[in-house]
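Peer 1: Following this message is one structure expressed as structure tokens.
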Amino acid sequence: MLIYFLFFVGFLFLVKGADILVEGASDIAKRLHVSDLVVGLTIVAFGTSAPELAVNVIASIEGNAGVAFGNIVGSNIANTLLILGVASVIYPIRVQKSTVYREIPFSMLAVLVLYFIANDISIDNLSQNQISRVDGFILICFFSIFLYYVFTLAKSQKPDESEKKQSNILKSIGLVIFGCLGLFYGGNWIVNGAVQIAKISGLSEDIIGLTIVAIGTSLPELAASAAASLKKKSDIAIGNVIGSNVFNIFWVFGISAIIRPLPVAENNNPDILMALFSSFILFILLYFMKEHILRKWHGILFLFIYVVYALYLLGMR
């Protein structure tokens, strides 16, 4: 019974943790003369991806490759379609030009790299598809390039100085830490309860990873981006999603593969392509919009696509 109780308590931790995290991260951005976008791509994105990292490390150690793979790919799909869908329905998200032309394409590159390293049979004529330890180190090298880009971005972008700064930097750091802890524990309690419920219903391991676990570990991103959208902090909302997607593939998959190579089933290719498609449609919609704004109808479209994909998983897999 305890795991089900924590399942519901986890939602409270997520919502409050997200609100605290956004408040603290935004204040740190102003104090350090760093833009909200950079903070969203780093502090918020990494903090909200902590459940994905924890789940994948545990899954890799225990040899649950289906959960590990489905968790990340499913989370990236949920991040783009579900989270940005909800956030843009709450309030239109204005996206910076640099995000449209640089960060979103970088997240698409991450999925393409994953596709190539996960298809050893068709590309290298090997006997099995797997993300090897060498592949893991390659992914981490790409992640280092992304971090270098973000640090370069931090030097060129400045925050809005019109808002009054808080008086205590330690308080802001404390808010970020407590916010991340709330997201981490809340997300994990929800995942544990959801997995238990899924097992009772008889779902397979990869479906659990792509749906229950993926959505569960994406709840911190959902809570943080929704809170940022309510506070009209678009850069944190979009930066959180894009940063989390890059972090999930390059860092979390990289660490997971180094711990133990991850076998990849051939029937997972549609899921990788769906992750690529979700980032591509986000890019196309923003590229052809002069103001680069995700409006309510975009959010409704994203949510509709996600529901169709979820029904496909539950009905055809």
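FYI, it's all coordinate maths here, none of it is from the lab. It should be emphasised that the depicted structure is a prediction, and the values quoted were computed from it without experimental measurement. Counting neighbours? That spans all protein chains shown, and the Cβs are built from the backbone with ideal geometry, glycine included.
Peer 1: Answer with one residue from Ala275, Ile238, Val111: the one whose Cα lies farthest towards the positive end of the charge dipole of the chain, charges on Cβ with Lys, Arg +1 and Asp, Glu -1.
Peer 2: Going by the charge dipole, the pick is Ile238.
Peer 1: I need Glu23, Glu52, Glu62 ordered by Cβ neighbour count within 10 Å, fewest first. All intermediate terms of the calculation are to be shown ahead of the outcome.
Peer 2: Details: Glu23 20, Glu52 32, Glu62 11.
Going from least to most buried by this count: Glu62, Glu23, Glu52.
Peer 1: Place the peptides 54-61, 219-226 in order of packing, highest mean first, counting for every residue the other Cβ atoms within 10 Å and averaging per peptide. Numbers along the way, then the final one.
Peer 2: Numbers: 54-61: 20.4, 219-226: 29.0.
Per-residue mean Cβ counts within 10 Å order the peptides as 219-226, 54-61.
Peer 1: List every residue whose amide H lies under 5 Å from the amide H of Gln130, counting only residues 5 or more places away in sequence or on a different chain, with H placed 1.01 Å from N in the peptide plane.
Peer 2: Asp120, Val264
Peer 1: Hey, what's the per residue convex hull volume over the C-alpha atoms of the range 2-316, in cubic angstrom? Show your work: numbers first, answer last.
Peer 2: Values: hull volume 39.6 nm³, N = 315.
Roughly 126 Å³ of hull volume per residue.
Peer 1: So, with +1 on the Cβ of K and R and -1 on the Cβ of D and E, and no other charges, what is the size of the charge dipole of the range 44-148 about its Cα centre, to the nearest 20 debye? Walk me through the numbers before you get to the answer.
Peer 2: Numbers: 4 positive and 6 negative charges, 92 e Å.
That gives the range 44-148 a dipole magnitude of about 440 debye.
Peer 1: Moving to a separate point now. Once you order the gyration tensor axes a ≥ b ≥ c over the Cα atoms, which shape class does the range 13-115 get: rounded for a/c under 1.5, otherwise prolate or oblate by comparing a/b with b/c?
Peer 2: Prolate.
Peer 1: With θ taken as phi - 60° and the coefficients 6.51, -1.76 and 1.60, list the Karplus ³J(HN,Hα) couplings across the range 300-306 in order, rounded to whole Hz; mark glycine and proline as x.
Peer 2: 5, 4, 4, 5, 4, 4, 5
Peer 1: Taking θ = phi - 60°, what integer Hz values does the Karplus form 6.51 cos²θ - 1.76 cosθ + 1.60 yield along the range 70-79, in sequence order, with x for Gly and Pro?
Peer 2: x, 4, 6, 5, x, 5, 5, 5, 5, 4
Peer 1: Among Leu32, Ile43, Leu2, which residue has its Cα furthest toward the positive end of the charge dipole of the chain, with +1 on Lys/Arg Cβ and -1 on Asp/Glu Cβ?
Peer 2: Leu32
Peer 1: Let me have the relative contact order for the chain, percent, based on Cα pairs under 8 Å that are six or more residues apart.
Peer 2: 45 percent
Peer 1: Please give the charge dipole size of the range 2-316, origin at the Cα centre, charges +1 on K and R Cβ atoms and -1 on D and E Cβ atoms. Round to the nearest 20 debye. It would help to have the intermediate numbers written out before the result.
Peer 2: Working: 20 positive and 20 negative charges, 220 e Å.
My answer is approximately 1060 debye.
Peer 1: Structure shown: which of Lys155/Lys232; Lys232/Lys290; Lys16/Lys199; Lys155/Lys231; Lys97/Lys296 lie over 22 Å apart, alpha-carbon to alpha-carbon? Display every interim value, and only then the final one.
Peer 2: Values: Lys155/Lys232 24 Å; Lys232/Lys290 20 Å; Lys16/Lys199 29 Å; Lys155/Lys231 25 Å; Lys97/Lys296 20 Å.
Long pairs (Cα-Cα over 22 Å): Lys155/Lys232; Lys16/Lys199; Lys155/Lys231.
Peer 1: Same structure, new question: Whole-Hz ³J(HN,Hα) for each residue in the range 288-297, computed from phi via Karplus 6.51 cos²θ - 1.76 cosθ + 1.60 with θ = phi - 60°, x for glycine and proline: what do you get?
Peer 2: Coupling constants for the range 288-297: 8, 9, 4, 8, 6, 10, 7, 9, 4, 5 Hz.
Peer 1: Taking +1 at the Cβ of each Lys and Arg and -1 at the Cβ of each Asp and Glu, which of Ala68, Gly216, Asn129 sits farthest along the dipole of the range 2-316 towards its positive end, judged by Cα position relative to the Cα centre?
Peer 2: Gly216
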